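Engineer: Once you've had a glance at the structure underneath, I'll fire off some questions.
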Amino acid sequence: MIAKELGTLQIDAFNKLWDGGRKDLAAQRKLNALQVVTIASMIEREARFDEDRPMVASVIYNRLAAGWPLQIDATVLYAKGVWQSTVTLDDLKIQSPYNTYLHPGLPPGPIANPGLKAIDAALKPAQTDYFFYLSDPQGHNHYAKTNDEFNQLKKQYGLG
């Protein structure tokens, strides 16, 4: 019974925050509430700092608009059922609709419970030309427009 009550509380809280302004922003992007929460959940897992949330959102939208796979590590880890600091090459082969390396578009649902800042970033992303990002060892994200720039960032931060 406690789980059902908790679920009801979460839905009630969401419905209070999912107001006319947020619904309008979602409609402008032709997204429903589930899609916004799914995007926000990826932002929640990929952006540790507030300033990174709209930037990560911009990368997600840029990749979706270009028809690219999202290639978000957090979705792979969700599919794996284990949270770890890195994703291995074997992890990238996990057969799951949540593996955004293998499946283009959004995963079928949220991978985490996003906070309001992540939801708002999903509704109001930064306007950028970025298609890539990575997190440095301190959790700050760095962004790139091209694969070459991204590879340079990986080398710069010892991730490649």
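Engineer: When the residues of segment 1-30 are narrowed to those that are touching a residue at least 60 places away in the same chain (Cβ under 8 Å) and open to solvent by less than 90 Å² (accessible area, probe 1.4 Å), which ends up farthest from Leu106 (Cα to Cα)?
Structural biologist: Leu17
Engineer: Something else about it: Considering only segment 103-118, state which residues are assigned to a loop (DSSP other than H, G, I, E, B), touching a Leu at 6+ places or on another chain (Cβ under 8 Å) and surrounded by fewer than 17 Cβ atoms within 10 Å (Cβ to Cβ).
Structural biologist: Pro104, Gly105, Gly109
Table: residues versus (1) surrounded by fewer than 16 Cβ atoms within 10 Å (Cβ to Cβ); (2) touching a Ser or Thr at 6+ places or on another chain (Cβ under 9 Å); (3) assigned to a loop (DSSP other than H, G, I, E, B).
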site: Val37; (1), (2), (3): no, no, no
site: Ile43; (1), (2), (3): no, no, no
site: Arg48; (1), (2), (3): yes, yes, yes
site: Ala65; (1), (2), (3): yes, no, no
site: Gln84; (1), (2), (3): yes, no, yes
site: Leu89; (1), (2), (3): yes, no, yes
site: Ser96; (1), (2), (3): no, yes, yes
site: Asp120; (1), (2), (3): no, no, no
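Engineer: Which of (1) open to solvent by 30 Å² or more (accessible area, probe 1.4 Å); (2) within 14 Å of Gly105 (Cα to Cα); (3) in contact with a Ser or Thr (Cβ under 7 Å, 6 or more places away or on another chain) is the odd one out, the single condition Tyr61 does not satisfy?
Structural biologist: Looking at each condition in turn, Tyr61 falls short on (3).
Engineer: I'd like to verify a number: residues in segment 148-160 that are in a helix (DSSP H, G or I), surrounded by fewer than 13 Cβ atoms within 10 Å (Cβ to Cβ) and modelled with pLDDT under 95, how many?
Structural biologist: Final tally of qualifying residues: 2.
Engineer: Which residues, counting only those in segment 103-118, are closer than 13 Å to Ala47 by Cβ and more than 10 Å from the chain's Cα centre (by Cα)?
Structural biologist: Across segment 103-118, the qualifying residues are Gly115, Lys117.
The values are calculated or read from the model by the stated rules, or taken from the named source; none is laboratory data. The structure presented is a predicted model; accordingly, all values stated were derived computationally and were not measured. Positions of Cβ are backbone-derived with ideal geometry, glycine not excepted, and every protein chain shown enters the neighbour counts. Heavy atoms of the whole protein, side chains included, go into the accessibility calculation; ligands, DNA and RNA do not. Shrake-Rupley method; radii C 1.70, N 1.55, O 1.52, S 1.80 Å.
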